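Derivation of every value follows stated rules applied to the coordinates shown; laboratory data play no part. Worth saying up front: this structure is predicted, and the values here are computed from it rather than measured. Cβ atoms come from the backbone with ideal geometry, glycine included; neighbour counts cover every protein chain shown.
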Amino acid sequence: MTTTQRVGGLATVTHDEDVRRAFARDVSGLEMMADMVARPSSVAEVQDLLRAATADGVSVTPAGAQSSTTGASIADHGVLLSLRGLSHIGAVDPDARVIRAGAGAIVADVRRAAEAAGLLFTPDPTSEEESTIGGAIACNASGARSLRYGATGPHVRALTVLLANGEQLELRRPALEKNTVGYPIAHDPVDWFVGSEGTLGVVVEAELALYPLPSQVLGLAVPFMSEADALAFVVAARRAPDVHPRCLEFFDQGAMEIARTAEGAGAWAPGISAMVYVEETGGGDGDEELPLDAWLALAEAHHASAEDIRVYDSASALNDARRMRHAVPATMNERGAARRAFGGRKVSTDWAVPYPRLGEALTIARRFAEEAGTPRGIAYGHAGNGHPHQNIIAQDADELARIEQVVYATLKEVIAMGGTVAAEHGIGKIKRRWLPLQASDAQQRVMRALKRELDPLGLLAPGNVL
């Protein structure tokens, strides 16, 4: 009997090279081809696969829509387990304000199902139309609205998880407000799997919390002649008592050029250096007046280009604003993909610092790039959380190596500021080497101990995280 006879004999598993090649890439720019691809359509079929893989000693890497920027959803050996077939979305429970969804359900489809019931699913990764619930849980994804609502994890009420040997766990967050029994790490096992990037178990279904849908949403695109003014505006908006942003998204000059193209407005706000996109929401009765005047006054106080401010106050206009935001990473992904044949790709950072220090951190990152003679790239994203995304296009393998050295130097400074190397994308394979910058030896030993307990043979998602 060959070592993969049990796995390879399953109807859900294929060795076909064309299929394996179709699952060999994610958004990271890496390419890895697994030995097999599994495409189950039920939890029972996932269990069968895991039991067979354990018996054969074959590794299994779970994947959703493969929108990972860190290589977490591809594998160079074993089985690539596609969970796209588990795409079911249950009915909304309006009283409990929850919805159940399979790991393969698209995030935006869950949001639309909630909205149809007058409720809001708050996590909103930029890739929501191309990312799955399982993937969002795996890397604890967030998005623009995380400024108000937080990342995915707090909105996961319950999980159905399969361990490496196929054992099924039904986990639910405790309703307790107090608990002092044992170590805090054991209080809520749901948190073992949120952000674990497929290394501890396979999430196959989740129960997700929903919230009242705001009756009013106001979006503002606020351009600035100075990047320093834009970032000072962000800090002031976090602290001002009369505005309550649910997002504060930053675009530097390069990102703004892409946004202009997406808007079809090449002449909009000429000569500006940065922009901040803001959203504010109103309450449930529809009578609450949104603080537009307060926002305009705050913008004026920070030297915004007042005549170029754009207001988005309808559903269609807000969708336009979202497309504008999404155009930035989508465009940079295309530019990075065009350099793969030359050994280059897009390098995407995910670091974050305490939000008042964002300008300082960006200045350091750009200085390191200038000293190394590498492109500075563009910066955009969640300034309200101190969390930008730098996207840098490496033209070839040599430039890629030099850019990664610049990123490493930047991350050391980020950690010294009390920041993190990865705020929402996880670390997958690409950023695993940076884990020791942030996690102490003791923290890494605890993580490895949990991995050994839940996946003693080390078969799940090898190369991710640890």
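Quick one, what does Rg over Rh come out to for the chain if you take C-alpha atoms and the Kirkwood Rh?
Expressed as Rg/Rh, it is 0.97.
Is the range 164-254 rounded, prolate or oblate when judged by the Cα gyration tensor, a ≥ b ≥ c being the square roots of its eigenvalues, rounded requiring a/c under 1.5 and prolate requiring a/b larger than b/c?
prolate
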Say R0 is 41 Å: what FRET efficiency, to the nearest 0.05, do ARG340 and GLU289 get from their beta-carbon distance?
0.20
With both bridge residues required to lie in the chain, what share of the DSSP beta bridges run antiparallel, to the nearest 5%?
85 percent
Lysines within cross-link reach of LYS178: Cα-Cα under 30 Å, excluding same-chain residues under 8 positions apart?
LYS451
Of the residues ALA186, ALA75, GLY104, the Cα lying farthest along the dipole of the range 44-201 towards its positive end, which is defined by charges on the beta carbon of Lys, Arg, Asp and Glu, belongs to ALA186
With axes computed from alpha carbons, what is the tilt in degrees of helix 358-372 against the longest principal axis of the chain, rounded to the nearest 10 within 0 to 90?
80 degrees
For the peptides 172-180, 108-116, 62-70, what is the packing order when you average, over each peptide's residues, the other Cβ atoms within 10 Å and list the highest mean first?
62-70, 108-116, 172-180
Measuring from label point to label point, each 7 Å out along Cα→Cβ, what is the GLN216 to GLU129 span in nm?
2.9 nm
Please report, to one decimal in angstroms, the Kirkwood hydrodynamic radius of the range 1-63 built from all distinct Cα-Cα pairs.
12.3 Å
Restricted to the range 1-158, the DSSP antiparallel beta bridge percent, nearest 5, is 45 percent
Take the Cβ-Cβ distance between ASP188 and ALA315 as r, set R0 to 41 Å, and report the resulting FRET efficiency rounded to the nearest 0.05.
0.65
Is the shape of the range 216-331 best called rounded, prolate or oblate, per the rule: a/c under 1.5 gives rounded, else a/b larger than b/c gives prolate, else oblate, with a ≥ b ≥ c the square roots of the Cα gyration tensor eigenvalues?
oblate
For the residue pair GLU177 and HIS77, what label-to-label distance in nm results when each label sits 7 Å from Cα along the Cα-to-beta-carbon direction?
5.2 nm
Could you work out how far helix 253-263 tilts from the main Cα principal axis of the chain, as a 0 to 90 degree angle to the nearest 10?
90 degrees
By how many degrees, between 0 and 90 and to the nearest 10, does the Cα long axis of helix 397-416 differ from the longest principal axis of the chain?
80 degrees
At R0 = 45 Å the Cβ-Cβ FRET efficiency linking THR261 and VAL19, nearest 0.05, sits at 0.80
Pair TYR408, ARG452: separation of 7 Å Cα→Cβ label points (nm)
2.9 nm
At the level of C-alpha centres, the distance separating the range 129-150 and the range 203-267, in angstrom, is 16 Å
